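Comments concern the structure below.
The values are calculated or read from the model by the stated rules, or taken from the named source; none is laboratory data. Given the structure is predicted, the values throughout are model-derived calculations rather than measurements. Counting neighbours? That spans all protein chains shown, and the Cβs are built from the backbone with ideal geometry, glycine included. These area figures cover heavy atoms from the full protein model, side chains too; ligands, DNA and RNA do not enter into them. Shrake-Rupley method; radii C 1.70, N 1.55, O 1.52, S 1.80 Å.
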Amino acid sequence: MCRMVDSRLGHWLKLLVSLMLLLKTQGLYVGITYVKSAVAKGAVCLDGSPPAYHWDKGFGTGINSWLIHFEGGGWCNNVTSCLSRKKTHLGSSKLMGQQIAFSGIMNNKRPFNPDFYNWNRVKIRYCDGSSFTGDVQAVNPATNLHFRGARIWLAVIEDLLPKGLKNAENALLSGCSAGGLASILHCDSFRALLRMGTKVKCLSDAGYFIKVKDVSGAPHVQTYFNEIVTLHGSAKNLPLSCTSVLKPSFCFFPQYVAPQVRTPLFILNAAYDSWQIRNILAPSIADPLGVWKSCKLDINNCSPLQLKSMQDFRLQFLNALNKSTNSSSRGLYIDSCYAHCQTETQEKWFMEDSPVLGKKKIAKAVGDWFYDRNPFQKIDCPYPCNPSCQNSGLAPPDNPEKKPPNGSAASVNMSTLLCGLLMLMGVMLP
């Protein structure tokens, strides 16, 4: 009997701790701002709707510091995939939630985001499918698809400049996944848009996509990126330092762009990036029998041969990264986790059990690098050497959006926890 009581008490305490952590780290929901004036400039989402962003104003010592964060969400590489995308929040601002949760690097609480909590924090919504690089003037009336990602980027910055960005003392351009790629591609242009004297740096989270053949030996991602660049007319908006010497589609790969970026850049990436493993190394087209399906869901399910392929991928990743670490101003945090995007989720950014590399959590390493307290350039040992990795392989969900006026993802989670607590305490629920 005592053992059963102890067990129930242990479950109760775990649920109580989970509830307290959820309440503490949930951060806040931030409302959407539509840049309606951008429509006249042709700076629109795939469906022609206005671009949008979410802005939580800075306070205290952070009032003149700005974090501009690109939302991620893949790409569309042909008319069919762009038409499908147009019917989602990744192609239309009409379908975006009115509020999204800010957590991780966007959190407004110092204990969970020690260096950027009181900055102006802006998340630019992603609705163009080209990592904010496209610009095609013509619109086919049959599809009504607009390829205007580069215009969206400029329109949002132009909207923010008079709101205080023009007075920025510190500015960090960041992004996750396709947004992490955008933060590399637009890094130097971001610095050029701000006043002289502003401390400007860039952070790419899970945006270092590499040019590598898939498990069938086909150049799948190279073909895919070429289709994106061609469809969206991206070539003229990719860094000239790259396009002047290489094919434009090559300049969608960070390994050919990052070495020429002059602005201080921090590259945060898992060496076993779960999105790249699933979509670049072992895409469905290269695995018609689904041999990789279980492995891609959980690295613990991988066979020795599959693990060998992933270790080879890590070596190719590090080789592609090599020339991008040629400056002391560069930051580098390459852990051995099976993960994708580590700045947007609180548990990976800065919590008690967050990933650790060189005795530092991600938030601490990025903060020390930005403020020049300590440089950080470290590459983890091969999997499975890092016990701090959670290795779920799950990317953060698309922005936890608050669509119903009286509900949110947080309220559902907290309700579940509260119900569990009450049930354990023996309270009868109706």
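Yes or no: the stretch 271-278 includes at least one residue that is part of a helix (DSSP H, G or I), of a type in the set (A, V, I, L, M) and surrounded by fewer than 21 Cβ atoms within 10 Å (Cβ to Cβ). Within the stretch 271-278 (the criterion being part of a helix (DSSP H, G or I), of a type in the set (A, V, I, L, M) and surrounded by fewer than 21 Cβ atoms within 10 Å (Cβ to Cβ)), the answer is no, since none of the residues qualifies. Looking across the stretch 362-383 at every residue that is outside any loop (DSSP other than H, G, I, E, B) and open to solvent by 50 Å² or more (accessible area, probe 1.4 Å), the one that is farthest from residue 328 (Cα to Cα) is identified as 364. When 249, 244 are screened for being without any contact (Cβ under 8 Å) to a residue 60 or more places away in the chain and within 16 Å of residue 77 (Cβ to Cβ), only 249 passes.
Exactly one of (1) hydrophobic (A, V, I, L, M, F, W, C); (2) within 30 Å of residue 171 (Cβ to Cβ); (3) open to solvent by less than 40 Å² (accessible area, probe 1.4 Å) is unmet by residue 245. Its number? Only one criterion is unmet by residue 245, namely (3).
Pairs meeting the criteria (first residue in the stretch 80-105 and open to solvent by 10 Å² or more (accessible area, probe 1.4 Å), second residue modelled with pLDDT under 95 and among the polar types (S, T, N, Q), beta carbons under 6 Å, at least 6 apart or on different chains) are lacking.
Results for (1) modelled with pLDDT of 95 or more; (2) closer than 23 Å to residue 207 by Cα; (3) in a strand (DSSP E or B), shown as yes or no for each residue.
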site	(1), (2), (3)
30	yes, no, yes
43	yes, no, no
72	yes, yes, no
105	yes, yes, no
111	yes, no, no
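Conditions tested, residue by residue: (1) modelled with pLDDT under 95; (2) buried (at least 20 other Cβ atoms within 10 Å of the Cβ); (3) part of a loop (DSSP other than H, G, I, E, B).
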{"position": "322", "(1), (2), (3)": "yes, no, no"}
{"position": "333", "(1), (2), (3)": "no, yes, no"}
{"position": "394", "(1), (2), (3)": "yes, no, yes"}
{"position": "398", "(1), (2), (3)": "yes, no, yes"}
{"position": "407", "(1), (2), (3)": "yes, no, yes"}
{"position": "427", "(1), (2), (3)": "yes, no, yes"}
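Just to verify a result, which residue in the stretch 211-220, among those that are in contact (Cβ under 8 Å) with a residue 60 or more places away in the chain and within 16 Å of residue 255 (Cα to Cα), is most open to solvent (accessible area, probe 1.4 Å)? Of everything passing the filter in the stretch 211-220, 211 is most open to solvent (accessible area, probe 1.4 Å).
Screening residue 287 with (1) surrounded by fewer than 19 Cβ atoms within 10 Å (Cβ to Cβ); (2) over 19 Å from residue 220 (Cβ atoms); (3) modelled with pLDDT of 95 or more gives one miss only, at (2). All conditions in (1) open to solvent by 30 Å² or more (accessible area, probe 1.4 Å); (2) out of contact with any Ser or Thr (no Cβ under 9 Å at 6 or more places or on another chain) hold for residue 237, with the sole exception of (2).
Every residue, every condition in (1) at pLDDT 95 or above; (2) farther than 19 Å from residue 154 by Cα; (3) open to solvent by 20 Å² or more (accessible area, probe 1.4 Å), yes or no:
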{"position": "40", "(1), (2), (3)": "yes, no, yes"}
{"position": "47", "(1), (2), (3)": "yes, no, yes"}
{"position": "54", "(1), (2), (3)": "yes, no, no"}
{"position": "57", "(1), (2), (3)": "yes, yes, yes"}
{"position": "63", "(1), (2), (3)": "yes, yes, yes"}
{"position": "66", "(1), (2), (3)": "yes, no, no"}
{"position": "69", "(1), (2), (3)": "yes, no, no"}
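Only one of these conditions is not met by residue 338: (1) at pLDDT 95 or above; (2) more than 17 Å from the chain's Cα centre (by Cα); (3) not aliphatic (A, V, I, L, M). Which number is it? Failed condition: (2). Being under 17 Å from residue 204 (Cβ atoms), outside any loop (DSSP other than H, G, I, E, B) and at pLDDT 95 or above holds for only one residue in 317, 313, and it is 317. When you scan the stretch 124-132, do you find a residue that is open to solvent by less than 10 Å² (accessible area, probe 1.4 Å), closer than 24 Å to residue 76 by Cβ, assigned to a strand (DSSP E or B) and not acidic (Asp, Glu), even just one? Checked against the condition, which is being open to solvent by less than 10 Å² (accessible area, probe 1.4 Å), closer than 24 Å to residue 76 by Cβ, assigned to a strand (DSSP E or B) and not acidic (Asp, Glu), the stretch 124-132 yields at least one hit.
Could you please find all residues in the stretch 221-234 being under 24 Å from residue 272 (Cβ atoms) and either open to solvent by 40 Å² or more (accessible area, probe 1.4 Å) or of a type in the set (S, T, N, Q) (or both)? Listed by number, the residues that qualify are 222, 223, 224.
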